[in-house]
1. Determine if the range 46-68 includes at least one residue that is modelled with pLDDT under 85, in contact with an Asp or Glu (Cβ under 6 Å, 6 or more places away or on another chain) and over 9 Å from residue 96 (Cβ atoms).
2. State which residue pairs qualify: first residue closer than 12 Å to residue 84 by Cα and inside the range 44-55, second residue surrounded by 24 or more Cβ atoms within 10 Å (Cβ to Cβ) and among the small types (Gly, Ala, Ser) in any location, beta carbons under 7 Å apart, and separation of 6 or more residues or different chains.
3. Considering only residues that are surrounded by fewer than 18 Cβ atoms within 10 Å (Cβ to Cβ), in a strand (DSSP E or B), in contact with a Gly (Cβ under 7 Å, 6 or more places away or on another chain) and not acidic (Asp, Glu), which ones fall in the range 62-112?
4. Out of the range 1-45, which residues are among the aliphatic types (A, V, I, L, M) and at pLDDT 60 or above?
Amino acid sequence: MLAGKEKRHFDRQQALLNVRIFNEKKASVEPLLDDCIGETINLSGGGMYLKVKESMNVDEVVQLRFLPPNTFDLFRGAGRVVRADQNADQTFNVAVEFIDIPDSEKKLLDYYLHR
């Protein structure tokens with residue numbers, strides 16, 4: 001593998017979507033109070049890169065809810081934070097890898113992104 005070369009299973013697409021993010025453990029104690037709304041920077045069948053107002057920990061597992069582009073089908077799934085960087089404006093750019101999502105859902109999301 002070449003240094004700096006990334007292995008991707010899905011193409012990234014710029015997508016501006018609102019995403020509801022919550023930690024399942026916190027949500028069971030205080031439903032919806034600890035929700036975080038993020039805005040996607042890009043999205044693929046394998047994950048998303050988004051901007052949020054609150055810090056997230058690498059390896060944290062979160063639940064995600066959003067409407068993929070060109071559909072009214074609510075996407076519900078889990079993701080693992082793989083990167084979190086603080087911005088100058090005190091927001092955070094966070095990379096989330098989808099986990100425990102059937103390949104059929106990933107392919108469907110990839111399809112919506114390329115319509």
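The values are calculated or read from the model by the stated rules, or taken from the named source; none is laboratory data. Every value quoted in this text rests on a predicted model; they were computed, and no experiment measured them. When we count neighbours, we look across all protein chains shown, and the Cβ atoms used for this are built from the backbone with ideal geometry, even at glycine.
1. no
2. Between residues of the range 44-55 that are closer than 12 Å to residue 84 by Cα and residues that are surrounded by 24 or more Cβ atoms within 10 Å (Cβ to Cβ) and among the small types (Gly, Ala, Ser), the close pairs are 50/38; 51/38; 52/38.
3. Hit for the range 62-112 is 99, nothing else.
4. 15, 16, 17, 19, 21, 37, 41, 43
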